[in-house]
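Enquirer: Attaching a single structure in structure tokens format; questions to follow.
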Amino acid sequence: MSALLSVADVHIAYGKVEAVRGVSLDVADNEIVTIIGANGAGKTTLLNAIMGVLPLRGRTTFAGVDMAPLDIEDRVATGLSLVPEHRELFGTMNVEDNLELGAFRIAKAVAATSLERVYTLFPRLKERRKQLAGTLSGGEQQMLAMGRALMGAPKLLMLDEPSLGLAPIIVADIFRIVGELRSAGVSVLLVEQNAQAALQIADRAYVMELGEFVLSGPASEIAANEGVAASYLGFQHEGESVI
Amino acid sequence: MNTTIMLFLLQDGITNGAIYALLGLALVLVFAVTRVILIPQGEFVTYGALSYAMLATGQVPGTVRLAVAMGLVAFALDLFFARKALHVRLVMRSVALNIVFPVALLGLVYALVGPNTPIAVNIALALLIVAAIGLFLYRIAFQPIAHTSVLVLLIASVGCHLALQGLGLVFFGAEGLRAPALSSAAVTAGPLRFTGQSLAVYGLTIGFIVGLWLFFGYTKTGKALRATAVNRLGARLVGIRTTLSGQIAFLLASVIGAISGILIVPITTLYYDTGFLIGLKGFIAAIIGGLVSYPLTAVAAIVVGIVEAFSSFYASNFKEVIVFTLILPVLVLRSLAAPQVEEEKD
């Protein structure tokens, strides 16, 4: 199986401070891969650099294309899409306009079917399609951000902390939909602090600490790993409370 | 004061205000999309007006040669910035836009110029010249520094204004120019006489406002421009080229500026540096609109025009002082009402 996204020995620095050091990862077709790790481990930085928002040193290829000379707009055109941590919606425009702009690079006929698909995945968005994006609730904004990204018919969707600040019931909804994307032929690279939920839907996982991957493997193995359980899943060895 | 004088002043004020409204809208548009405060807007006015005036007398304006020169620089910049990933399509596109277009325009001007060229052709040529200059101005002066702060962009903008104004002196000389009216028709309503020229001003202003509203509300490109203004990163993430958005904004602004110039040059004599003051009045309207609101800007521009007309009647020495003082209470109110916002980084 050839990798859809392949990242090899990537370093990312903010000035002189290296936030990501020598990281390699790959995502195959129809695969859900998650990167878990504590706040500040460098997960968001890594996703942003793969998208081209931040410069990186190292090699990234996507769908057989070297990403280095491409800027964000061209990476979008190759089928790579990022739902960023802050969602970056067009707040003063309505839901439908946001979604239509998600298909900016797509032919009009294809965009119409994409729109139907997104409305089927997120019926809530259809109800609110004339509402301004900035007035939506947090969960609806996350759905809109994902819907907008899906409108571009991506091959790989990179999700940055989709559950951040959302009510548990909405988080469950969003994770269910992420799981469904696989059947639509979309691969997912998911960055999450909610490790438990992420490991449940992912095929494989990487554990990130201080800018490096310390562990990787099938999601079930990672979930069963004692160190991971103690650090990220909230299970306890000696009966003391984490919180 | 009698009613007739008041009506005259109102009419005069609204005609000028309509022009300021066009310029103010262009300023808001450019600022929203690119964060550039477009000081050279006034030069687009003068270039449009005086290029048209020169064409009307059968001369070739120097602005068309400037367009060719700027196109060459823009082409060189395109090649330089794309040097690591040059491909044929990119080079061809750059050649077509930066070399072929202005050179063809130069050829067209030389072929068509003459004392008997129809007014419509002269207007079209003047518009194309200024459109090219506006487009290349963004490519040369602003696109390479598009990510910097508003202050840096403002300083670049002042630099462009000074350079273009100096070049204006070279192209048009220190003497003022005037052009033939667009139409000699006139309508009389009571004591007021509406010339074809002033009717054209109203018509075009309303037409532009409606056109912009349709463009931003209903077309894909218009929505993409709005999206760029609302959230630059979000726009890039859906594949909208923010550089293209910037070019379209500058193109629209330069065409709006040139049209304003062509509309007023039959009414008043314009000098190479007149545009700056006219642009500044559009700027006042744009500031009153907070550099974001199109309707508020349009209304403020009409108010600026009317205040100007009345103050030039009552205290003509203080005309400009009174007009520019309008901005003070607005700035005070705005700074009190709105909390200090940190500039968005992107």
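Enquirer: For residues that are more than 26 Å from the chain's Cα centre (by Cα), of a type outside the set (S, T, N, Q) and under 19 Å from B:MET6 (Cβ atoms), tally how many sit in the range B:181-202.
Expert: Of the residues in that region, 5 qualify.
Enquirer: May I pose another question? Does the range B:253-265 contain at least one residue that is assigned to a loop (DSSP other than H, G, I, E, B), touching a residue at least 24 places away in the same chain (Cβ under 8 Å), more than 11 Å from the chain's Cα centre (by Cα) and farther than 15 Å from B:GLN41 by Cα?
Expert: yes
Enquirer: Under 9 Å between Cβ atoms, at least 6 apart or on separate chains: pull out the pairs that start in the range B:289-317 with a residue that is within 30 Å of B:THR228 (Cα to Cα) and end on any residue that is at pLDDT below 90 and among the aromatic types (Phe, Trp, Tyr).
Expert: Taking only residues 6 or more apart or on different chains, the pairs are B:TYR294/B:TRP213; B:TYR294/B:PHE216.
Enquirer: For the range B:299-319, what are the residues that are loosely packed, with under 15 Cβ neighbours inside 10 Å and either under 14 Å from B:ILE14 (Cα atoms) or not polar (S, T, N, Q) (or both)?
Expert: The answer is B:TYR314, B:ALA315, B:PHE318.
For (1) surrounded by fewer than 23 Cβ atoms within 10 Å (Cβ to Cβ); (2) outside any helix (DSSP H, G or I); (3) among the small types (Gly, Ala, Ser), each residue gets a yes or a no:
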position	(1), (2), (3)
A:PRO69	yes, yes, no
A:VAL76	no, no, no
A:ILE106	yes, yes, no
A:ARG117	yes, no, no
A:THR120	yes, no, no
A:GLN141	yes, no, no
A:GLY147	no, no, yes
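Enquirer: Sticking with this structure for a sec: Would a scan of the range A:203-216 turn up a residue that is at pLDDT below 90, in contact with a helix residue (DSSP H, G or I) (Cβ under 6 Å, 6 or more places away or on another chain) and buried (at least 22 other Cβ atoms within 10 Å of the Cβ)?
Expert: no
Enquirer: Is it true that B:ILE240 is more than 13 Å from chain A (Cβ to nearest Cβ) and β-branched (Val, Ile, Thr)?
Expert: Against the criterion (more than 13 Å from chain A (Cβ to nearest Cβ) and β-branched (Val, Ile, Thr)), B:ILE240 does not qualify.
Enquirer: Only residues that are more than 18 Å from B:SER94 (Cβ to Cβ) and not in a helix (DSSP H, G or I): list them for the range B:113-156, please.
Expert: B:VAL113, B:GLY114, B:PRO115, B:ASN116, B:THR117, B:PRO118, B:HIS147, B:THR148, B:SER149
Enquirer: Sort out which residues of the range A:74-132 are free of Cβ contacts under 8 Å to residues at least 40 places away in the same chain, facing chain B (nearest Cβ under 7 Å) and under 22 Å from A:LEU190 (Cα atoms), and write them in order of number.
Expert: Residue satisfying the conditions is A:ALA77 alone.
Enquirer: Hey, among B:GLY203, B:GLY222, which residue is more than 14 Å from chain A (Cβ to nearest Cβ), farther than 24 Å from B:SER149 by Cβ and surrounded by fewer than 18 Cβ atoms within 10 Å (Cβ to Cβ)?
Expert: On the way: B:GLY222 fails: more than 14 Å from chain A (Cβ to nearest Cβ).
Result of the check over B:GLY203, B:GLY222: B:GLY203.
Enquirer: I need the full set of residues from the range A:37-67 which are at the interface with chain B (Cβ under 9 Å from one of its Cβ atoms) and either in contact with a strand residue (DSSP E or B) (Cβ under 7 Å, 6 or more places away or on another chain) or of a type in the set (Val, Ile, Thr) (or both), in order please.
Expert: Listed by number, the residues that qualify are A:MET51, A:VAL53.
Enquirer: Turning to a different aspect of this structure: Can you tell me which residues in the range B:123-167 are of a type in the set (Ser, Thr, Tyr), over 17 Å from B:LEU77 (Cα atoms) and in contact (Cβ under 8 Å) with a residue 60 or more places away in the chain?
Expert: Residues of the range B:123-167 of a type in the set (Ser, Thr, Tyr): B:138, B:148-149, B:157.
Those still in the list that are over 17 Å from B:LEU77 (Cα atoms) too: B:148-149, B:157.
The answer is B:SER149, B:SER157.
Enquirer: Also: Can you tell me which of (1) within 14 Å of chain B (Cβ to nearest Cβ); (2) at negative phi is the one A:ALA153 doesn't meet?
Expert: Failing condition for A:ALA153: (2).
Enquirer: Keeping to the range B:16-46, report how many residues are farther than 22 Å from B:ALA126 by Cα and in contact with a Ser or Thr (Cβ under 7 Å, 6 or more places away or on another chain).
Expert: Adding up the residues that qualify gives 4.
Enquirer: If we scan the range B:73-96, do we find a residue that is touching a helix residue (DSSP H, G or I) at 6+ places or on another chain (Cβ under 7 Å), under 21 Å from B:VAL170 (Cα atoms) and in a helix (DSSP H, G or I)?
Expert: Yes, that holds for at least one residue.
Enquirer: Here are some residues: B:ILE39, B:ILE5. Which one is closer than 30 Å to B:SER311 by Cβ, among the β-branched types (Val, Ile, Thr), in contact (Cβ under 8 Å) with a residue 40 or more places away in the chain and surrounded by 15 or more Cβ atoms within 10 Å (Cβ to Cβ)? First the steps, then the outcome.
Expert: Working: B:ILE5 fails: surrounded by 15 or more Cβ atoms within 10 Å (Cβ to Cβ).
Residue meeting the stated conditions: B:ILE39.
The values are calculated or read from the model by the stated rules, or taken from the named source; none is laboratory data. None of the values given here were measured: they were computed from a predicted structure. Note that we place each Cβ from the backbone using ideal geometry, even for glycine, and neighbour counts take in every protein chain shown.
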